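Here the structure is laid out as structure tokens; the discussion comes afterwards.
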Amino acid sequence: MFDFDSFKEKAATTANTAAAAAKRLAGAVKTNVTVYSEEERLKGVYQALGKQFYQSQTKGIDMEAETVADLCRQATEILQRIDSLRAQEDVSDRKTHKDTYTEETITNSDFADL
């Protein structure tokens, strides 16, 4: 006999699991976009450093120590931000996977036994 309450409970559990997965995916996408943006900023800093170096080598223009130091500081800050974002994503993924995909959740969301 068909047990509607059991079906309703399993449907709710499955919906909650899907919602948690969607939330995790949205967070990962947001983090990846932020990391990509930071990497693009880093490329700009590297290009500015390269331009300074190129001018010093080809045109004999001394590299401005203050400008180089500022660019290196910017690059370091960007790299630290990228590392921090990736570390947060790793911790978030481990925590979410642990909380979302328990044996009970997987079993309760399986409609094969209805």
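Each residue of segment 46-59 was assigned a 3J(HN,Hα) from its phi angle through the Karplus curve 6.51 cos²θ - 1.76 cosθ + 1.60 (θ = phi - 60°); the sequence is 4, 5, 5, 5, x, 5, 4, 5, 4, 5, 5, 7, 9, 10 Hz, with glycine and proline shown as x.
In sequence order, segment 16-33 has phi-based couplings of 5, 5, 5, 5, 5, 5, 5, 5, 5, 5, 4, x, 5, 5, 4, 5, 5, 5 Hz under the Karplus curve 6.51 cos²θ - 1.76 cosθ + 1.60, θ = phi - 60°, and Gly or Pro positions carry x. In the assembled protein chains, R73 presents an accessible area of approximately 110 Å² (probe radius 1.4 Å).
Inter-label distance, R73 to Q55: 1.9 nm, where each label sits 7 Å from its Cα along the C-beta direction.
The values are calculated or read from the model by the stated rules, or taken from the named source; none is laboratory data. Just so it is clear, the structure is predicted and the values come from calculations on it, not from any experiment. Note that we place each Cβ from the backbone using ideal geometry, even for glycine, and neighbour counts take in every protein chain shown. These area figures cover heavy atoms from the full protein model, side chains too; ligands, DNA and RNA do not enter into them. Shrake-Rupley method; radii C 1.70, N 1.55, O 1.52, S 1.80 Å.
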